[in-house]
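Undergrad: Have a look at this one.
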Amino acid sequence: MNDVVKIHNAHEVAGLLGVDYKTVLNLIRRGHLRALPGLRHKRITGMELNRYLGVQPAAVTHAQTAPARPAGSVQMKDKSLVNPAAKAVAPSVAQASQRK
């Protein structure tokens, strides 16, 4: 496994994104892009740049989802936490509270 962390300075990130250096500084200041702690030179890790761009790392694999089933083949269950009897009472309670 490769444990080397790629670190870019703000000028390199500006070139990679195709924007001005000051735009990168504004992204850091607004919190859209996180820089490593430092006062003078802004350094951005490769992982942070990928997070900003929305790029998923190639090493991460997502679990496969189950195949879709034809409509109507599976009955849906009511997963709400509200009792069905309470659902019938709820509209009348709401109307009573509006009358006050």
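Undergrad: Can you list residue pairs whose Cβ atoms sit under 8 Å apart, with the first residue in the range 36-55 being aromatic (Phe, Trp, Tyr) and the second being in a helix (DSSP H, G or I) and open to solvent by 80 Å² or more (accessible area, probe 1.4 Å)? Count only pairs 6 or more apart in sequence or on different chains.
TA: none
Undergrad: Cβ-Cβ under 9 Å, sequence separation 6+ or interchain: first residue in the range 10-28 and closer than 21 Å to Gly38 by Cα, partner outside any helix (DSSP H, G or I) and open to solvent by 70 Å² or more (accessible area, probe 1.4 Å). Which pairs?
TA: Partner pairs satisfying both residue conditions: Ala10/His41; Ala10/Arg43; Ala14/Asp20; Asn26/His32; Ile28/Arg34.
Let's see how each residue does on (1) out of contact with any Leu (no Cβ under 9 Å at 6 or more places or on another chain); (2) in a helix (DSSP H, G or I); (3) modelled with pLDDT of 60 or more:
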residue: Val24; (1), (2), (3): no, yes, yes
residue: Pro70; (1), (2), (3): yes, no, yes
residue: Val82; (1), (2), (3): yes, no, no
residue: Ala88; (1), (2), (3): yes, yes, no
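Undergrad: Now a separate question. I need a count of the residues in the range 46-59 that are open to solvent by 60 Å² or more (accessible area, probe 1.4 Å) and part of a helix (DSSP H, G or I).
TA: In the first step, residues of the range 46-59 are kept if they are open to solvent by 60 Å² or more (accessible area, probe 1.4 Å); the result is 47, 50-53, 55-59.
Cutting the leftovers down to part of a helix (DSSP H, G or I) gives us 47, 50-53.
Looking only at that region, the number is 5.
Undergrad: Something else: Within the range 9-22, can you find the residues that are of a type outside the set (Asp, Glu) and in a helix (DSSP H, G or I)?
TA: Result: Ala10, His11, Val13, Ala14, Gly15, Leu16, Leu17, Tyr21, Lys22.
Undergrad: Hey, another quick one. Under the condition of being within 22 Å of Asp3 (Cβ to Cβ) and in contact with a strand residue (DSSP E or B) (Cβ under 7 Å, 6 or more places away or on another chain), which residue from the range 17-45 is surrounded by the fewest Cβ atoms within 10 Å (Cβ to Cβ)?
TA: Leu36
The values are calculated or read from the model by the stated rules, or taken from the named source; none is laboratory data. Remember, predicted model here, so these are calculated numbers, not experimental data. Neighbour counts run over all protein chains shown; Cβ positions are idealised from the backbone, glycine included. Protein only, heavy atoms only, side chains kept; ligands, DNA and RNA dropped before computing areas. Shrake-Rupley method; radii C 1.70, N 1.55, O 1.52, S 1.80 Å.
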